[in-house]
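Here's the structure, in structure tokens; my notes come after.
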């Protein structure tokens, strides 16, 4: 199942209502602004060359994907030259890794 940003905002909103009853005046729009600012800040820091470490979740890092000469385009089967570009890599943290390993596989 894929969760889109709107569904994520809805889940955060419901979690805030359930777990923080003293916060009554926070609406979905404000949560959307917070999520958008978080994602924008994440992208801006990666663009500036910084890595982002979220303890227990993981590390986002920017690295260079080297150019490849004579790579084959899978659609056309022609040789194409690629170029150097930046990519984002993610290394999961210990808590996330343990949580994912503890999920039983569906048969």
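Rule-based calculations on the coordinates, nothing more; no lab input. Quantities reported herein were computed from a predicted structural model and do not represent experimental measurements. Cβ: placed from backbone, ideal geometry, glycine included. Neighbour counts: every protein chain shown.
Using a Förster radius of 35 Å, what is the FRET efficiency between residue 66 and residue 41 based on their Cβ-Cβ separation? Nearest 0.05, please. Present the calculation step by step, with values, prior to reporting the outcome.
Numbers: r = 28 Å, r/R0 = 0.81.
So the FRET efficiency works out to roughly 0.80.
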What list of whole percents do you get for P(r) of the chain, with Cα-Cα distances grouped in 5 Å bins up to the one holding the largest distance?
2, 9, 11, 12, 16, 15, 13, 10, 6, 3, 2, 1, 0
Report relative contact order for the chain in percent, whole number only (criteria: Cα-Cα under 8 Å, sequence separation at least 6).
19
If packing is taken as the average number of other Cβ atoms within 10 Å across a peptide's residues, how do 28-39, 67-78 rank, most packed first?
28-39, 67-78
Expressed as a rounded percentage, what relative contact order does the range 51-107 have, with Cα pairs under 8 Å and six or more residues apart?
38
Angle between the Cα long axis of helix 28-47 and the longest principal axis of the chain, 0 to 90 degrees, nearest 10?
30
From a point 7 Å beyond the Cα of residue 5 in the direction of its Cβ, which residues of the range 18-37 have a backbone N at a distance under 11 Å?
32-37
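Counting pairs of Cα atoms in the range 1-48, how many percent are more than 14 Å apart?
Values: 649 of 1128 pairs.
Across the range 1-48, Cα pairs with separations above 14 Å total 58 percent.
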